[in-house]
Amino acid sequence: MQLAVFQPDIPQNVGTLIRFSACMGVKLHIIEPCGFPIDEKKMRRAAMDYADKAEVIRHVGWEEFRVQNSEFRIILATTKAAKPYTKINYKKNDILLMGRESAGVPEEVHAAADERVLIEMQEGCRSLNIAVSAAMIAGEMIRQTS
């Protein structure tokens, strides 16, 4: 399975996702532009010494990402979905797409996703941190495809 983050705002989250990717053997796509310099000290600090162990692919934008990954199914994690992430059958090469922390993804990206999933939460709660959300959903993806 693969993981992608769309125009991330918070370097610590990207660092955490790099670390997660290294530990779980999951390819990470970063779809730019990012809301911070990609070599930001906070990001490297969060990634710790895992940055060199992770397979990270940077894309200059959404279109490049789509062209380079057109053969894979895109699973978008979004609070606008109706289907819980536990109610979908994942495939080995699916790409889990996480939106921007501050704004999610634009309608064009939302519409391009093959599937949209959400994490059910307590009433009155909006969302979880994207790194936490990615780990939850990716854990289910790995469980199903291993």
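The numbers here are math on the coordinates, done by the rules we state, and not lab data. All of these numbers come straight from a predicted model, not from anything done at the bench. Ideal geometry is used to build each Cβ from the backbone, glycine not excepted, and the neighbour counts take in all protein chains shown.
Taking the criterion of being touching a Phe, Trp or Tyr at 6+ places or on another chain (Cβ under 9 Å), part of a loop (DSSP other than H, G, I, E, B) and within 13 Å of A51 (Cα to Cα), the only residue of segment 1-35 that qualifies is V26.
Against the test of being within 16 Å of the chain's Cα centre (by Cα), in contact (Cβ under 8 Å) with a residue 12 or more places away in the chain and closer than 22 Å to Q144 by Cβ, the options V56, V109, V117, V105 yield a single qualifying residue, V117.
For (1) surrounded by fewer than 18 Cβ atoms within 10 Å (Cβ to Cβ); (2) part of a helix (DSSP H, G or I), each residue gets a yes or a no:
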site: T86; (1), (2): yes, yes
site: Y90; (1), (2): no, no
site: L96; (1), (2): no, no
site: S102; (1), (2): yes, no
site: H110; (1), (2): yes, yes
site: Q122; (1), (2): yes, no
site: C125; (1), (2): yes, no
site: L128; (1), (2): yes, no
site: A131; (1), (2): no, yes
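Taking the stated definitions as given, is I137 farther than 23 Å from C34 by Cα and in contact with a helix residue (DSSP H, G or I) (Cβ under 9 Å, 6 or more places away or on another chain)?
In short, no.
Regarding segment 14-30, can at least one residue be identified that is within 26 Å of Q122 (Cα to Cα) and either surrounded by fewer than 13 Cβ atoms within 10 Å (Cβ to Cβ) or polar (S, T, N, Q) (or both)? Yes, segment 14-30 contains at least one residue that is within 26 Å of Q122 (Cα to Cα) and either surrounded by fewer than 13 Cβ atoms within 10 Å (Cβ to Cβ) or polar (S, T, N, Q) (or both). When Q68 is tested against (1) closer than 25 Å to G35 by Cα; (2) in contact (Cβ under 8 Å) with a residue 40 or more places away in the chain, exactly one condition is not met: (2). When each of I57, I38, I75 is tested for being touching a Lys or Arg at 6+ places or on another chain (Cβ under 9 Å), surrounded by 20 or more Cβ atoms within 10 Å (Cβ to Cβ) and either β-branched (V, I, T) or outside any strand (DSSP E or B) (or both), the lone residue that passes is I75. The one condition from (1) surrounded by 15 or more Cβ atoms within 10 Å (Cβ to Cβ); (2) within 12 Å of the chain's Cα centre (by Cα) that Q144 does not meet is (2).
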